[in-house]
Structures are given as structure tokens and as C-alpha cells.
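The values are calculated or read from the model by the stated rules, or taken from the named source; none is laboratory data. Given the structure is predicted, the values throughout are model-derived calculations rather than measurements. Cβ placement follows ideal geometry from the backbone for every residue including glycine, while neighbour counts extend to all protein chains displayed.
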Amino acid sequence: MNPPPSLLDTPREKIAVILVDHGSRRDESNMLLLEVVEAFRAHSAWSIVEPAHMELAEPSIASAFAKCAGQGAELVIVFPYFLSPGRHWHQDIPRLATEAAAAWPRVRYLVTAPLGLHSLLLKVIDQRITACLERVAGDRAHCELCDDSTGCTMLPKQS
């Protein structure tokens, strides 16, 4: 499917990307999105990339949208950093994006599909499982996600 011609006319430097996750009361969870945004910003061709949490934490979609518009964005791509196309993707994020865009009538926006099923995600799942198995077996000392938590912990068998 090709984008409408009007989207093709938007210069790439005027296109912003907002990566949206659910948001959490746990700072560690919210910090992970910031790390994802920094990594995506460094490895993509998009010059304007901002984080947003759908709820429970800042920055909100509205504040991220305002930040993008303030940097000169003419088109904001709202990317749900979710695995499944559930209610948040279908209803909540589009509603919040519409509300955010109301303050910026000259800025267009698009809510994309979530991550969903992709062959690269299957490789990531396999790598995570392997890394955790190696860690609990003592063959791996470090896990970038689990070092400061109780993750990668083998629980004893229940009798």
C-alpha cells in the first residue's frame, strides 16, 4: 500500500516519530522506553523521535506531540510500541493522538500498526530465552534487562 501523495511530499526532516508504550508506575519500565527511543534515534534516518507513555507517566502523547510540532514537524508518526493490536492500539492511542493534534491544526498525524508478528521478533524471543537459560546455568554473568531485578531466576520445583 502506497502512502497518499500528500504524505510523500513531506520532507523527511519534517516527519517526527513518537514511540508510545503503555506507561508504568515503575520508573525502570518507563526508563526502558527512553533507552529504546535513544537507540532508535541513533540507528534510524528520522531526525525527530520522541517518547510517550499512553498513561501513568510522562511524557504523555500530548506533550510528545507538542515537542515534535515545536521542532517543526509537519507530520507526526505515532508508533505504538505494543506487541498486539488490542484496545489501546485500536481506540485509546488514536483518541489521544487526535486530542493532541487538535492544538496543532497544520500538523498531520498517522497512528501505525503495533509491532505484531515479525520474523526479527522471533529471533529476539529465541535470544532472550537462550540468554536467560545460560544465566541460570551459570554460563552467563550479565543480562542487560535482568541484572537489577529478579528476572532470569530459576524457581524451585513445587513438591
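If you go through the stretch 24-64 and keep only what is of a type in the set (S, T, N, Q) and either touching an Asp or Glu at 6+ places or on another chain (Cβ under 6 Å) or more than 19 Å from residue 104 (Cβ to Cβ) (or both), you end up with 24, 29, 30, 44, 47.
If you go through the stretch 111-159 and keep only what is surrounded by 14 or more Cβ atoms within 10 Å (Cβ to Cβ), at pLDDT 90 or above and not in a loop (DSSP other than H, G, I, E, B), you end up with just 111. Just checking, how many residues over the stretch 38-53 are more than 9 Å from residue 18 (Cβ to Cβ) and either touching a Phe, Trp or Tyr at 6+ places or on another chain (Cβ under 9 Å) or outside the structural domain of residue 103 (by TED's automatic domain parsing) (or both)? Qualifying residue count, the stretch 38-53: 2.
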